[in-house]
Amino acid sequence: MTGATRSATLPDADALLLPGTHALPGLGLVLPAAASAAGADVPDGEESRRLLGLPTAERVCVVLVDGLGHLNLAERGGHAPFLRSLLPDARALASTFPSTTATAMGTFGTGEPPGRTAMLGYTVRDPGTGRLGNLVSWTDLPPAQTWQPCTTVFERAAAAGLPVTSVGPARFEGSGLTSAALRGAAYRRAERLAERVDATVATLRRPGLAYLYWGDVDKAGHHHGWGSWQWGDALTEVDAELARLARSLPAGTLLVVTADHGMVDVDPALRRDVAADAALRQDVLVVAGEPRALQLHVADGAHPEVVADRWRTELGDAAVVLTRAQAVDAGWFGAVDAHVRPVVGDVVVAMTGAATVVDSRTQTAQSVALLGVHGSVTAREVLVPLLVHA
């Protein structure tokens, strides 16, 4: 059980966990470890399993609760007696940069860094068209397997003979994000959380690996903030159903609960809008990413170093600003393949504290006004739990 950070040694929530500067195990270890625990011979599986301390089992269930950051859970664990009971032995893992669903799911599903998956944010600029594409809705992008060609862990596990089933809503079956990150599993449709738990239990009546996703905690956090009673209610709901899942699974099943990212509640007074801010807008052609992790593509003839310096001056301590070359060299996206490099912004911006930068030219009023957001490098956004029940 080495190599992971326990709750007693967790950093302050506002501390910056810059990629490449910490030794935390990453979210990309979870599925290879789970597949190995279930008996599949997959690349890096046994090493990942040993690093995360997972026991072997004929049946393994992996649950991903969108937006359930390790520190968020630890601070509001009163709403989650079952998950709280697992916290003393929990491990904190590091999400990706950006610490956002599309990027994290790409790494979670493939075991590869964002620099190989090209899953670099909520929105990305497609170098082929110059348009801003959305990796969650999969709009204005090439086909998923063209954009993200890395083999998934589910594909590797299935090829090794392990039965693999993904349980989720009908709208996710065959979607762009599912095809990019989680292809290779048999898909079992279930809408409400209770139905997904029942479907997962039924699936694991035979040995194999099952995966269950739930997104309402993240949704409540976005609209009301993770400190809200609505977030607490969403956590209570998922905790009760996961407790029922643990009770209902066949004896000896390994249950692993994790998340894709955490969340911070932001201060609208610290929000800046590129559309209305001449200094931030100067020489910036496209703003990709999200309000906590921006990727700026500069206009032809503009110098990224100059734009980066301007943003540093304007934002001060509210952001860490790097050029593409600096971010890639620092390992923010892991190893970066040649075809992925132009997807990375000419300038990369990671927000700190409770500040955001939006662009109302391309973002809806509803997305600009979100209270709970994520994507940056604070511990509250980066740390996700690895909760194990065996």
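Just so you know, all these numbers are worked out from the coordinates, no wet-lab data involved. Because the structure is predicted, anything quoted here is derived from the model rather than measured. Methodologically, a virtual Cβ is constructed for each residue, glycine included, from the backbone with ideal geometry; neighbour enumeration extends over all protein chains shown.
Just one of (1) 34, 26, 21; (2) 107, 17, 12; (3) 34, 22, 19 is semi-axes √(5λ) of the Cα gyration tensor in Å as worked out from the coordinates here. Which one is it? This structure yields the entry labelled (3).
Taking R0 as 41 Å, what FRET efficiency do you get between residue 23 and residue 230 from their Cβ-Cβ distance, rounded to the nearest 0.05? Mind dumping the intermediate values first?
Values: r = 36 Å, r/R0 = 0.87.
Calculated value: 0.70.
The label point for residue 140 and the one for residue 329, both projected 7 Å from the Cα toward the Cβ, are 3.2 nm apart.
Annotation: peptides 81-91, 326-336, ranked by per-residue average of other Cβ atoms within 10 Å with the highest first, follow the order 326-336, 81-91. In a fully extended conformation the segment linking residue 390 and residue 299 would gain 27.4 nm over its present Cα-Cα distance, using 0.36 nm per residue.
What's the ranking of 270-281, 236-247, 201-212 by average number of surrounding C-beta atoms within 10 Å, highest first? Working shown, then result.
Details: 270-281: 15.2, 236-247: 19.1, 201-212: 20.6.
The packing order, highest mean first, is 201-212, 236-247, 270-281.
Against the main long axis of the alpha-carbon atoms of the chain, helix 101-110 sits at an angle near 50°.
Summary of the geometry: region 189-213 and region 111-138, compared by the centres of their Cα atoms, lie 30 Å apart. For the charge dipole of the chain, defined by +1 on Lys and Arg C-beta atoms and -1 on Asp and Glu C-beta atoms about the Cα centroid, which residue among 167, 261, 334 has the Cα displaced farthest towards the positive pole? Of 167, 261, 334, it is 167.
Working from label points 7 Å from Cα in the Cα-to-Cβ sense, the residue 365 to residue 58 distance is 5.8 nm.
Just from its helices, what would the mean residue ellipticity at 222 nm be for the chain, if runs of 4 or more DSSP H residues each count -39500 (n - 2.57) and the sum is divided by every residue, rounded to the nearest 500 deg cm²/dmol? Calculated at 222 nm, the ellipticity per residue is -8500 deg cm²/dmol. Three principal axis extents of region 217-367 based on alpha-carbon atoms, in descending order, are 63, 38, 26 Å.
Spin-label model, residue 85/residue 9: points 7 Å from Cα along the beta carbon direction are separated by 2.8 nm. Between region 281-295 and region 301-353, the C-alpha centres lie 10 angstrom from each other.
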